[in-house]
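The values are calculated or read from the model by the stated rules, or taken from the named source; none is laboratory data. Since this is a predicted model, take the numbers as computed values, not measurements. Positions of Cβ are generated from backbone atoms using ideal geometry, with glycine treated the same way; all protein chains shown enter the neighbour counts. Just the protein is used for accessible areas: all its heavy atoms, side chains included, with ligands, DNA and RNA removed. Shrake-Rupley method; radii C 1.70, N 1.55, O 1.52, S 1.80 Å.
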Amino acid sequence: MIKAERQDHIKRIVEEHGSASVHDIASRLEVSEMTVRRDLIEMSDAGELERVHGGARRAGGKRSSMLRHEYSHTEKRGRHAEEKRAIAERAARLIEPDSTVFLGAGTTVEAMVPLLPACHLRVVTNSLSVFNMLAAKEAYELCLIGGAYRPRTGAFVGPLAEEAIEKLGLDMAFIGANGIFEGNAFTSNADEGRFQKLAFDKADVRYLLADASKVGRRDFYAFYHLIELDALICDKRVTGGDQASIEDLVEILV
């Protein structure tokens, strides 16, 4: 079990029972207690739970909204995988033949790639992973936006990437987010955020992709306001006050 999957299981155990001991978590997941302790430290720093003596409990109302740890691309791929696939399926159904589609960097958008319709599309991306997944697909006209490469997310960003996207016209854009807080979509890096804003600005239709764990969380850089989007594509776990506050600004598609 990779770390991202293990931490997802830990979070579910803690949320289901309200709290859990290190020993109990280690027994359930068949890993060492030292591994669990390291996970709890990392998850606590990210605000996903609250560490207590001997274990952890569900994050309370006083938790910080600020994300304090940027997961690597590999780590993100295993987190909330089922929710990401459901979001990707909903997003892919929105694409029409012969469209020019921008696909941003990030594992939720990546999950769209195997689900893209079998028709002619022009696909624009600044994600090396998306490009590699599509390179052999002859039905698609593929455009990779180059620039400064950011290994943490596998994205090309910076002035060269921004200059390239400024010259393009897009039918629709699908972009992920690390957080949604007080009406804004957040990412962890200013260069990525500036590029994502430009990509959204160049598109006729704009879709933000984010699972419910991102709602109520903010990261370093706010790159777009929800009111300027056509829809937020999310999973069914977003409920109650969070759903109402978002729907005041933008439609939610699940």
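Here are some notes:
- Pairs from Lys3/Lys137; Lys11/Lys236; Lys3/Lys84; Lys3/Lys202; Lys3/Lys236; Lys11/Lys137 whose Cα-Cα separation, in the structure shown, is over 27 Å: Lys3/Lys137; Lys3/Lys202; Lys11/Lys137
- For region 120-132, Karplus couplings with θ = phi - 60° (6.51, -1.76, 1.60), whole Hz, Gly/Pro x: 6, 9, 9, 10, 10, 8, 10, 9, 5, 5, 4, 4, 5
- Using the Cβ-Cβ distance between Ala135 and Ala190 with R0 set to 35 Å, the FRET efficiency from 1/(1 + (r/R0)^6) comes to roughly 0.75.
- For the chain, the longest site-free run once GluC sites (Glu not before Pro) in DSSP loop states with at most 10 other Cβ atoms within 10 Å are removed: 139-254
- For region 224-254 versus region 153-219, the gap between their alpha-carbon centres in whole angstrom: 16 Å
- Of the whole protein surface, Ser27 contributes about 70 Å² of accessible area at a 1.4 Å probe radius.
- Taking every alpha-carbon pair within region 174-254, the share separated by more than 19 Å comes to 26 percent.
- Bridge type composition, region 96-254 - antiparallel percent by DSSP, nearest 5: 30 percent
- Accessible surface of the chain [probe 1.4 Å, protein heavy atoms]: carbon and sulfur percent: 48 percent
- Contour excess over end-to-end distance, with Cα ends at Arg51 and Arg85 and 0.36 nm allotted per residue: 9.2 nm
- Helix-only [θ]222 nm of the chain, DSSP H runs n ≥ 4, -39500 (n - 2.57) each, per residue, nearest 500: -10500 deg cm²/dmol
- Extension reserve of the Glu15-Ser245 stretch, reckoned as 0.36 nm per residue once the Cα distance is removed: 80.5 nm
- Label corresponding to semi-axes √(5λ) of the Cα gyration tensor in Å when calculated from the structure given, among (i) 26, 24, 18; (ii) 33, 19, 17; (iii) 31, 25, 15: (ii)
- Geometric descriptor of region 80-210, per residue, is 101 Å³ (volume of the convex hull of the Cα atoms).
- The residues of the chain expose, per residue, 47 Å² of accessible area to a 1.4 Å probe.
- Of Ile175, Ala92, Val31, farthest towards positive along the dipole that unit charges on Lys, Arg, Asp, Glu beta carbons give the chain: Val31
- Paramagnetic label reach from Glu33 (point 7 Å along Cα→Cβ; backbone nitrogen cut-off under 18 Å): within region 1-25, residues 20-25.
- Note that region 178-189 has calculated 3J(HN,Hα) couplings of 7, x, 9, 8, 6, x, 10, 8, 10, 9, 8, 9 Hz, one per residue in order, obtained from phi through the Karplus relation 6.51 cos²θ - 1.76 cosθ + 1.60 (θ = phi - 60°); glycine and proline are x.
- Contact order normalised by residue count of the chain, Cα under 8 Å, 6+ apart, percent: 15 percent
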